[in-house]
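Visitor: Please see the structure below; I have some questions.
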Amino acid sequence: MTIFPLGGPTFKLQTASGATILLDPHDGKNGLKPPRAQAKLTLLSQTDGRNANAGGTGSLVVQGPGEFEVDGAAIYSVPSATPGKQYFVIESEGMRLGHLGDLDRVLQNGEMDELEGVDVLFLPVGGHGVLDSRKATEVISELEPRLVVPMQFKEKGMKSARDPLTDFCKAFGVKDAEPQDKLRLVKKDLPVEETKVVILQSHG
């Protein structure tokens, strides 16, 4: 599986079986370039600030609770305790990925149950309407994922208020993490003993 960052909360997932999934495409009002990526499935954690058309013609748009499958990847759109929002769990290639959208608080018990055993967690960390660095570290401690991909931090050109990524790195003790423009995921390569942070940043 390969993960490509597209700015803000947005990522494109490409699985070995051919599934293309566009996660939470923003609408560009945050000042970043609106993402465009052909995808079989487009997942929206909410309607505000999101672009349902970003996945191209023929992309199935999911913006409510449900279970879906595309090319061997299982997708669970789970309602948040916050009305009108949801988060996503994706199972593919023996791995379990969770995307928390615009989460702005620690998880409640039912939400934690849905995310139990997540290997890779896409986690907002920039505050100002989403988790700040302190609350983000609490969520990591609760879920204990093997990899964390921080998102929704201040990026070049962004107009929305967000804290810099360095705030989260300092809070979680991340040192010398070099940004990458994509991440290749293989289950056997996931860390075992402690949570690792991987920084993905789009150059587009």
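Every number in this text was worked out from the coordinates using simple rules, so none of it is lab data. Quick caveat, the model's predicted, so the values are computed rather than measured. Every residue, glycine among them, receives a Cβ derived from its backbone with ideal geometry; neighbour counts consider all protein chains shown.
Visitor: Arranged by the count of other C-beta atoms within 10 angstrom, fewest first, what order do E93, E193, E144 take? Could the numbers behind the result be given before it?
Guide: Numbers: E93 15, E193 6, E144 12.
In order of increasing Cβ crowding within 10 Å: E193, E144, E93.
Visitor: Oh, and also: Let me check against my output: what whole-number percent is the relative contact order of the stretch 2-197, with C-alpha pairs under 8 Å and at least 6 apart?
Guide: 17
Visitor: Can you run phi through the Karplus equation (6.51, -1.76, 1.60; θ = phi - 60°) for the stretch 99-106 and list ³J(HN,Hα) in whole Hz, with x for Gly and Pro?
Guide: 10, 9, x, 9, 3, 10, 8, 5
Visitor: Share of antiparallel DSSP beta bridges in the stretch 2-197, in percent to the nearest 5? Each step should come with its number before you reach the end.
Guide: Working: 27 of 43 bridges.
Rounded to the nearest five, the antiparallel share is 65 percent.
Visitor: In what sequence do R184, R134 fall when counting other Cβ within 10 Å, fewest first?
Guide: Fewest-to-most Cβ neighbours within 10 Å comes out as R184, R134.
Visitor: Go through K85/K175; K12/K85; K40/K196; K156/K182; K154/K188 and tell me which ones have a Cα-Cα distance over 26 Å in this structure. List each step's numbers first, then the result.
Guide: Values: K85/K175 33 Å; K12/K85 20 Å; K40/K196 29 Å; K156/K182 18 Å; K154/K188 32 Å.
Checking Cα-Cα distances, K85/K175; K40/K196; K154/K188 exceed 26 Å.
Visitor: Then there's this: Under a Cβ-only charge scheme (Lys and Arg +1, Asp and Glu -1), can you give me the dipole magnitude of the chain about the Cα centre, in debye to the nearest 20? Show your work: numbers first, answer last.
Guide: Numbers: 23 positive and 28 negative charges, 177 e Å.
That gives the chain a dipole magnitude of about 840 debye.
Visitor: Rg and Dmax of the stretch 41-140 over Cα atoms: what are they, in angstrom?
Guide: Radius of gyration, then largest Cα-Cα span, for the stretch 41-140: 13.5, 40 Å.
Visitor: With θ set to phi - 60°, apply the Karplus curve 6.51 cos²θ - 1.76 cosθ + 1.60 along the stretch 136-149 and write out the HN-Hα couplings as whole Hz, x wherever there is a Gly or Pro.
Guide: Residue by residue, the stretch 136-149 yields 4, 5, 5, 5, 4, 5, 6, 8, 6, x, 7, 10, 10, 10 Hz.
Visitor: Shape of the stretch 1-82 from its Cα gyration tensor (a ≥ b ≥ c, root eigenvalues): rounded if a/c is under 1.5, otherwise prolate when a/b > b/c, or oblate? All intermediate terms of the calculation are to be shown ahead of the outcome.
Guide: On the way: a/c = 1.76, a/b = 1.17, b/c = 1.50.
In terms of gyration-tensor shape, oblate.
Visitor: Right, something else. Measuring from the lowest to the highest alpha carbon on each principal axis, how far does the chain reach, largest first, in angstroms?
Guide: 42, 37, 33
Visitor: With θ set to phi - 60° and the Karplus curve 6.51 cos²θ - 1.76 cosθ + 1.60, what are the ³J(HN,Hα) couplings of the stretch 23-28 in order, to the nearest whole Hz, using x for Gly and Pro?
Guide: Each residue of the stretch 23-28 in turn: 9, 6, x, 7, 9, x Hz.
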